[in-house]
1. Just checking, how many residues over the stretch 60-87 are more than 18 Å from the chain's Cα centre (by Cα) and hydrophobic (A, V, I, L, M, F, W, C)?
2. I need the full set of residues from the stretch 141-183 which are small (G, A, S), at negative phi and in contact (Cβ under 8 Å) with a residue 40 or more places away in the chain, in order please.
3. Given the residues L281, L331, L275, which is the only one that is under 28 Å from L106 (Cβ atoms), crowded, with 18+ Cβ neighbours inside 10 Å and out of contact with any Cys (no Cβ under 9 Å at 6 or more places or on another chain)?
4. Residues in the stretch 240-258 that are of a type in the set (D, E, K, R) and either crowded, with 21+ Cβ neighbours inside 10 Å or in contact with a Phe, Trp or Tyr (Cβ under 8 Å, 6 or more places away or on another chain) (or both): how many?
5. Name the residue, out of A210, A237, that is under 21 Å from the mean Cα position of the chain (by Cα), surrounded by 22 or more Cβ atoms within 10 Å (Cβ to Cβ) and assigned to a helix (DSSP H, G or I).
6. Restricting to the stretch 222-265, name every residue that is touching a Ser or Thr at 6+ places or on another chain (Cβ under 9 Å) and closer than 16 Å to G161 by Cα.
7. Among R273, R247, which is closer than 17 Å to T207 by Cα and either of a type in the set (A, V, I, L, M, F, W, C) or out of contact with any strand residue (DSSP E or B) (no Cβ under 9 Å at 6 or more places or on another chain) (or both)?
8. May I ask you to verify whether A230 is touching a residue at least 40 places away in the same chain (Cβ under 8 Å), assigned to a loop (DSSP other than H, G, I, E, B) and aliphatic (A, V, I, L, M)?
Amino acid sequence: MTYAITMACRIDSRLRIPRVPKTLPLLLACLIHVWSSSFLMAESRSSAARPNLVFILADDMGWPDTGCYGHQFHETPVLDQLAAEGMRFTDFYATPVCSSTRSTILTGQYSARTGITDFIPGHFRPFERLVVPPIDHHLQSGIQTPGDVLNAAGYVTGHFGKWHVGSDDAHQPDQHGYQVTEKQLPVELRQRGSGKNGGPKKIDFLTDAAIWFMSQHQAEPFFLTVSHHAVHIPVEAREETAAKYRRKPRPATGVNNPDYAGMVEDLDTSVGRILETLEQLKLSDRTIVIFASDNGGLHTIYTGVGDVISTNAPLRDEKGTLYEGGVRVPLIVRWPGVV
C-alpha cells in the first residue's frame, strides 16, 4: 500500500523545516499509514527490529490546553516532558468534530471521501438555511485501517475507548483490524468500565486496559490505540485534583475552570502511567508514542449560555467551527533516537 502525501506543519524542535502547502488536514493519518506500510514491507524482520506504536487520542482537547502549548493554569508535566523528549507540532489540523476526524485517522482519507463529515448521528436542524448533507453512520466495510495493515505485518493490534465510527457489532474495532478490544479484557477489568471504579471519564479504566495489553504482549510488536472520552463534557475530574485548582490563583489571562483543569491533569497522569509501564517493561526505546486530539476545545456548553469550559485563545472560536480554535489541535510525537 502506497500513500502519496503532501503535508504541512510548523514544528518546534532543533530542526527548522520549511513550510509547504497542505493538502491533508490530518498529518497523523499520514504518519500512521506510512509507518503501517513500512512495517508491512518489513514483515520478515525480527520483533526487535520493528517499533511498537502507542497512539493516545484525547477528546475535545484544545490546542492551548497543555503547559507545553502555553497554558498558564493547567498543569501537564507528563505531556510537557513528552514534548521535550520528542517533537511538538504547532500547526496540526483535524476536522471540527470527532467522528469525521476518527474516520480520517483510520483511513488516511478526507472525511468527504469517508462519507463521515459530521459527528455520528449528526444534527437534525430543519430550521437552518443551509441543509446539512446526509452522512454515513459507520466506517465503510472493506477499507484498510492501520489495524488491518499492522495486523498483517505481524503486529498485535489493540483498541480501547471511544470509537464513534459505527455502533453496531458489524462496525466495531474488532471488525477493522483490531484484534484486542474491551471484549477481550479479563472479566474483572472489563467490569470496571461500566462502573464508577473506572474513574472520571473512564480514564483509569482505559489506562488499566492499556497497561494490561502492553504487559500481555510485551514480547511481540504491538500497535495500541487508547481513545479517551476525556476531556469531552460533561466535565469530570478527581475531587482532589479539582480541589487543587480551586485553591490556585486565577491567571491574568484565560479561563480557570478548576474541574476542567483537573480533568486535563487526570488525563496527563494517565499518559504518565502508560509511559512508566513502557519504561518498566524496557520498551521505551523502541516504542513510538503519539498524543493528539480529535478536534478543537469547547468554550461553553453548546447553548452558548452554559458554563465556560475553557478557552482556545489566542485562536478564534471552538470545536464545531472552521475557525482555528475548532480545527487546530495538539500533536506530540516521541520516537527515541528518531523523533
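1. Looking only at that region, the number is 2.
2. Here is the first cut: in the stretch 141-183, the residues small (G, A, S) are 141-142, 147, 152-154, 158, 161, 166-167, 170, 177.
If we keep only those that are at negative phi too, we end up with 141, 147, 152-153, 158, 167, 170.
Within the stretch 141-183, G147, A152, A153, G158, S167 qualify.
3. Exactly one residue qualifies, and that residue is L275.
4. Let us first name the residues in the stretch 240-258 that are of a type in the set (D, E, K, R), namely 240, 244, 246-248, 250.
Narrowing further to those that are either crowded, with 21+ Cβ neighbours inside 10 Å or in contact with a Phe, Trp or Tyr (Cβ under 8 Å, 6 or more places away or on another chain) (or both): 248, 250.
Of the residues in the stretch 240-258, 2 are of a type in the set (D, E, K, R) and either crowded, with 21+ Cβ neighbours inside 10 Å or in contact with a Phe, Trp or Tyr (Cβ under 8 Å, 6 or more places away or on another chain) (or both).
5. Just a single option satisfies the conditions, and that option is A210.
6. F223, L224, T225, V226, H228, A230, V231
7. Numbers: R247 fails: closer than 17 Å to T207 by Cα.
Step by step, each of R273, R247 is checked, and only R273 is closer than 17 Å to T207 by Cα and either of a type in the set (A, V, I, L, M, F, W, C) or out of contact with any strand residue (DSSP E or B) (no Cβ under 9 Å at 6 or more places or on another chain) (or both).
8. Numbers: touching a residue at least 40 places away in the same chain (Cβ under 8 Å): yes; assigned to a loop (DSSP other than H, G, I, E, B): yes; aliphatic (A, V, I, L, M): yes.
Yes; evaluated as a whole, the condition is true for this residue.
The values are calculated or read from the model by the stated rules, or taken from the named source; none is laboratory data. Because the structure is a prediction, the values reported are computed rather than measured. No Cβ is skipped: glycine too gets one built from the backbone with ideal geometry, and neighbour counts run over all protein chains shown.
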